[in-house]
Amino acid sequence: MRLPPGLCLVGVWLALTSLLHAASIEATLRLEGAAEKLTVQSAPTGRRPNGHRRAVLHATVDEPLTGHWTCRGKDGGPATDVLVHFFVVREDQLNQSRVPRLLPDRVVIESALTMDFQAHNTAKANLSFKVHQPGYYLVRVEAQGPDASELTEDAAALDLEVK
C-alpha cells in the first residue's frame, strides 16, 4: 500500500519533532538515606548499554529517605508540555530491565508536573518518604512528551534495596 505524499511528510515532521524533544531535557536524580547518598544522571543515549547495572542505595525499613530531582532544558529548541514524572515502585529484582507497572500496592511515592522547557530552564523537587516493606525498588525521574511517549534523554534511575 502506498501512502499519500502529504501523510509521509506528516510522519517525517512527527519524527523530527520527537528528536527535538529528545535532545532537550537532562535529568539528575539524587537519593539520600541516613548512611548513603547516590546521584545519577540521564544517559547520553537515554538507554542503558547491555550489561550496565543501575547504582544501588541500601536502606532499612522505615528509614527516612529523600529523593531530589532536577530536569534542565539543554541548548536547542523548546520542549513543550513535558510531563516530569518521579516515582518509587517495588520491583521483582535489582536492575530489572522493565519499569514495573505503577499499581497502587507497589508504588511508594509518585509525583508529576507538566511544564515547558526553554534552554537552561530548570525544574527541581525534593520528596521525603519511607519504605515500610523490605524489597527492591526502582527510583526514577523521567520526562514524557505530550503524546505520553518517553523521551530518549530524559530518565535518571537507580535501585533501592531495603532490608
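Considering only segment 154-163, I want to know if a residue exists there that is surrounded by fewer than 17 Cβ atoms within 10 Å (Cβ to Cβ) and either out of contact with any His (no Cβ under 8 Å at 6 or more places or on another chain) or assigned to a loop (DSSP other than H, G, I, E, B) (or both). Yes, segment 154-163 has at least one match. Being surrounded by 15 or more Cβ atoms within 10 Å (Cβ to Cβ) and of a type in the set (Lys, Arg): is that true of ARG98 here? Considered against the rule, which asks whether it is surrounded by 15 or more Cβ atoms within 10 Å (Cβ to Cβ) and of a type in the set (Lys, Arg), ARG98 comes out as no. For segment 77-92, a residue qualifies if it is open to solvent by less than 10 Å² (accessible area, probe 1.4 Å), at pLDDT below 85 and either outside any strand (DSSP E or B) or not aliphatic (A, V, I, L, M) (or both), but none of them does. Counting residues in segment 101-108 that are part of a strand (DSSP E or B) and in contact with a strand residue (DSSP E or B) (Cβ under 7 Å, 6 or more places away or on another chain) gives one or more.
Counting only residues that are hydroxyl-bearing (Ser, Thr, Tyr) and surrounded by 15 or more Cβ atoms within 10 Å (Cβ to Cβ), which one in segment 120-153 is modelled with the lowest pLDDT? Once the filter is applied, the top-ranked residue is THR152.
When each of SER24, SER42 is tested for being in contact with a strand residue (DSSP E or B) (Cβ under 8 Å, 6 or more places away or on another chain), under 30 Å from GLY135 (Cα atoms), of a type in the set (S, T, N, Q) and at pLDDT below 95, the lone residue that passes is SER42.
Could you check segment 101-119 and list, in sequence order, the residues that are open to solvent by 90 Å² or more (accessible area, probe 1.4 Å) and at pLDDT below 90? Result: GLN118, single match.
The residue pairs whose first member lies in segment 97-122 and is within 17 Å of LEU158 (Cα to Cα) and free of Cβ contacts under 8 Å to residues at least 60 places away in the same chain, whose second member is assigned to a loop (DSSP other than H, G, I, E, B) and open to solvent by 90 Å² or more (accessible area, probe 1.4 Å), and whose beta carbons are closer than 8 Å, counting only pairs six or more residues apart or on different chains, are PRO100/ASP92. Looking across segment 50-71, the residues that are part of a strand (DSSP E or B) and within 19 Å of the chain's Cα centre (by Cα) come down to VAL56, LEU57, LEU65, THR66, GLY67, HIS68, TRP69, THR70, CYS71.
The values are calculated or read from the model by the stated rules, or taken from the named source; none is laboratory data. Values in this document were obtained by computation on a predicted structure and should not be read as measured data. Positions of Cβ are generated from backbone atoms using ideal geometry, with glycine treated the same way; all protein chains shown enter the neighbour counts. Keep in mind that these areas ignore ligands, DNA and RNA; they rest on the heavy atoms of the full protein, side chains included. Shrake-Rupley method; radii C 1.70, N 1.55, O 1.52, S 1.80 Å.
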